[in-house]
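The numbers here are math on the coordinates, done by the rules we state, and not lab data. What you see is a predicted model, and the numbers here were worked out from it, not measured in a lab. Because the Cβ atoms are built from the backbone with ideal geometry, glycine has one as well, and the counts that use them run over all protein chains shown.
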Amino acid sequence: MNRPNAPSPTDAAPRPRSFGETNAVVTGASSGIGRAIAIELASAGVAEMMLSYHRNEAGAAETAEAIRQLGCKPWLCQADLADDADVDRLADRAFESLGGIQTWVNNAGLDVLTGEAARWSFQMKLEKLLRVDLVGTARLSRRVVARLREQSSARPPSLVFIGWDQAPLGMEGDAGQMFGPVKAAVMALAASLAQDVAPNVRVNTVAPGWIRTSWGQATSEYWDERAKAQSLMNRWGTPQDVAAAVRFVADPDATFVTGQTIAINGGWSRRGHGKPPKPN
């Protein structure tokens, strides 16, 4: 029985926005997971946010408008993580524009599954992934944490990496042999940085599983069925699922959460899934 004077859910006081009056950076924010993360952080109260992009300027502008409507002031910065000068410029510009930064999300990564890159050789894909996702991200992260450690705050700033849930275990096929080594290295980088910069900076990794981004939306029936079968939730993950996890580990009040890797895969299912179809 409801108590006569009990407040309804709509009467309850709004949950404090722990990100309020803080600043953030999201790399690779022009679409997909990066855009979802930016919108999630803006909805959590981030005051100003820098959004980096490589080529998709129109997409970055759309993300900027989305967070602006949520009350967050956007800043845009074009940068190619394969270019050392761009990496350094992105880090420097972020701190010059925003001043103190509470949340930095390393989401940018090379897409080699769609568009022109899908036609590259395995060797070229692997080399490009290593250069952007690992080397570029490592250079950027080292530059960023050096600045974050200089900040004085009661709540340590947060650096979040995007990994891959299957990287530590491996997956058959070219995709596994490309993304597995690269993302495993990124996750090791994050874990090592966490050891070095605590307690001044928190470093965590969010490791997505099967997430329906542009590749997942156009993939074959086999991969569609496999993605669902390998999740205990029996569905694809969404960019919003990943964004919610980023928000959790980056929350300024989560001051005891660092050095963690959280798999966002709906719970790994151990049921068999068969072998992938042979290429034509």
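Measuring from centroid to centroid over Cα atoms, what is the spacing of region 84-147 and region 155-209 in Å? About 14 Å separates the Cα centre of region 84-147 from the one of region 155-209. Across all C-alpha atoms in region 143-260, the radius of gyration and Dmax reach 16.4, 52 Å. In the set (i) 157; (ii) 141; (iii) 171, which value of volume of the Cα convex hull per residue in Å³ was calculated from the structure you see? Only one option fits the structure, namely (i). Where does the charge balance sit around Ala60 when Lys and Arg score +1, Asp and Glu -1, over other residues with C-beta under 13 Å from its C-beta? Combined, the nearby Lys, Arg, Asp and Glu give 0. Taking a sphere under 15 Å around the Cβ of Ala29 and counting the other residues whose Cβ falls inside, with K and R at +1 and D and E at -1, yields a net charge of -1. Across region 88-101, coupling constants 3J(HN,Hα) worked out from phi with the 6.51/-1.76/1.60 Karplus curve, θ = phi - 60°, read 5, 5, 4, 4, 5, 5, 4, 6, 5, 7, 9, x, x, 10 Hz, and Gly and Pro carry x. Between Arg131 and Ala146, with labels modelled 7 Å along Cα→Cβ, what's the label distance in nm to one decimal, could you check? If labels sit at Arg131 and Ala146, their model points lie 2.3 nm apart. Among the lysines of region 18-264, pairs that are 8 or more positions apart or on different chains and have alpha carbons within less than 27 Å of each other number 4. Over all other residues within a Cβ to Cβ distance under 9 Å of Ile264, the charged ones net out to -2, with Lys and Arg as +1 and Asp and Glu as -1. Quick check on the chain: of the DSSP beta bridges with both residues there, what percent are antiparallel, nearest 5%? DSSP beta bridges in the chain are roughly 5 percent antiparallel. From helices alone, the chain scores -12500 deg cm²/dmol at 222 nm; the rule is -39500 (n - 2.57) for each run of n ≥ 4 DSSP H residues, then divide by the residue total.
Explain nothing, just the number: relative contact order of the chain, from Cα pairs under 8 Å at least 6 residues apart, as a whole percent. Relative contact order of the chain: 18 percent.
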